[in-house]
Amino acid sequence: KKTHRQTDRQRETMSSKTKKVRVGVNGFGRIGRLAFRLAYENPNLEFVHVNEGVGAGESSAYLANWDSVHGKWNGHEMEFDEETNTMRVDGGKMILTYSQKMSPGEVDWKSMDIDMVLECSGAFLTREKLQAYFDAGVKKVVVSAPVKDKENPVLNIVYGVNHSDYDKNADHIVTAASCTTNCLAPVIQVILKKVGIVRGSITTIHNVTNTQTIVDAPNSKKSDLRRARSGLVNLAPTNTGSATAIALIFPELKGKLDGLAVRVPLINGSLTDIVLDLPRDVTTDEINGYLKEASENELKDILGFETQPLVSTDYINDTRSSIIDALSTKVVDKRHLKIYAWYDNEYGYSARMADIANMVAESIM
């Protein structure tokens, strides 16, 4: 079942609030465009500016309307006005200025009175690189990837799991973690709470992304040569930080979870294979019972539970972070657990970006 949690939340926003948070988007790629689509109707937000370093305005507007995976932007249309260098939604109901700068420091966020930026370029992932926003008067930055800072960790928010950790007075940079961390964390939360975890490993069967090449070609990611091979025809093992990132949310699991990814020649619909050793005997029905209960209560619309024999395309445009494939849950020798969890690694993650943007916006209104 596909859900529309963000729309429901927006309708619940207090109508008495009239001030909107002025939002800029840096990086109008896969996540930037989808997060924009999902957050566009949020009454708390006014989108003011888009910066896309490598993309022409006409191309960005066209791709906001049409998506090869997620379809047409239903009910809305974006046009690019070359004379004014603006993006116009629905004939001018919302007008956004547009720029093609390669770094945040080159954009005049200050003159546009931007309150919050959705940083979706994937290129600025340290406090130092993000400082340019604050120098320009931006109050909050929501990043669509983990930010690296061992000495002063940036809060990784898996919405629905640890979003209550957000401190509006201290957390001026927050991240939506990664798509796979968002898939994994709700499952780990349930098993850790109900049973406990001794150790575990995960393998995410992940779609191609723009960090790979269409045909064999030199790739800038030197640490992972396999991403230089064609994403169209290869299964490519690669690294993922999603399992170790779980320790930032559940510190008691530090050093006890790790994993790998396999990039596969599919455009959307990923699957995480979660393998856990448990401290006590369990049954398959017991584990599925815990997961189903959570999906209907504290993790409703974040965690799903599916008993139908579905496949990856059935989860395209699903806004939930993680959906249990109940038919595949296995317990071996009473204490060795395997769980499959599906996720739309683009749309589900972008929905969480929109959730976090709304939460952060409410904190500064």
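The values are calculated or read from the model by the stated rules, or taken from the named source; none is laboratory data. No experiment lies behind these values; they were computed from the predicted model shown. Please note: Cβ atoms are built from the backbone with ideal geometry, for glycine as well, and neighbour counts cover all protein chains shown. Just the protein is used for accessible areas: all its heavy atoms, side chains included, with ligands, DNA and RNA removed. Shrake-Rupley method; radii C 1.70, N 1.55, O 1.52, S 1.80 Å.
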So what is the diffusion coefficient of the chain in µm² per second by Stokes-Einstein at 4 °C and 1.567 mPa s, using a Kirkwood Rh over Cα pairs?
61
Of all accessible heavy-atom area on the range 22-67, the percent that carbon and sulfur account for (1.4 Å):
58
Stretch in the chain that is longest and holds no GluC sites (Glu not before Pro) that DSSP places in a loop and that have at most 11 other beta carbons within 10 Å:
152-365
Once you charge only the Cβ atoms, +1 for Lys and Arg and -1 for Asp and Glu, what is the size of the charge dipole of the range 215-365 about its Cα centre, to the nearest 20 debye?
780
P(r) weight above 16 Å for the range 201-293, C-alpha pairs, percent:
64
With contacts defined as alpha carbon pairs under 8 Å and 6 or more residues apart, what's the relative contact order of the chain in percent?
17
Determine the distance separating the Cα centre of the range 301-353 from the Cα centre of the range 160-227; give it in Å without decimals.
15
Mind computing the radius of gyration and Dmax over the alpha-carbon atoms of the range 46-145? Å is fine for both.
14.0, 39
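Give the average over all directions of the projected area of the C-alpha convex hull of the range 251-354, one decimal, in nm².
Details: hull surface 30.9 nm².
For the range 251-354, averaging the hull's shadow over all directions gives 7.7 nm².
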Can you give the accessible area per residue of the range 210-301, in Å², using a 1.4 Å probe?
56
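Tally Lys/Arg at +1 and Asp/Glu at -1 over every other residue whose Cβ is under 14 Å from the Cβ of Leu118; what's the total?
Values: positive: Arg22, Arg30, Arg33, Arg37, Lys139, Lys140, Arg352; negative: Glu46, Glu52, Asp115, Glu119, Asp355.
In short, +2.
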Could you pull out the pairs from Lys19/Lys150; Lys168/Lys193; Lys193/Lys334; Lys72/Lys338; Lys148/Lys330; Lys150/Lys256 whose alpha carbons sit more than 29 Å apart here?
Lys19/Lys150; Lys72/Lys338; Lys148/Lys330
Relative contact order (%) - criterion: Cα under 8 Å, at least six apart; region: the range 268-365:
36
Between Tyr62, Leu45, Ser164, whose Cα lies farthest towards the positive end of the dipole of the range 35-182 when Lys and Arg beta carbons carry +1 and Asp and Glu beta carbons carry -1, centred on the Cα centre?
Ser164
Could you compute the net charge surrounding Gly289? Neighbours are other residues with a C-beta less than 14 Å from the C-beta of Gly289; K and R count +1, D and E count -1.
-1
Report in % the part of the accessible area of the range 313-365 that belongs to carbon and sulfur, leaving out ligands and nucleic acids; probe 1.4 Å.
48
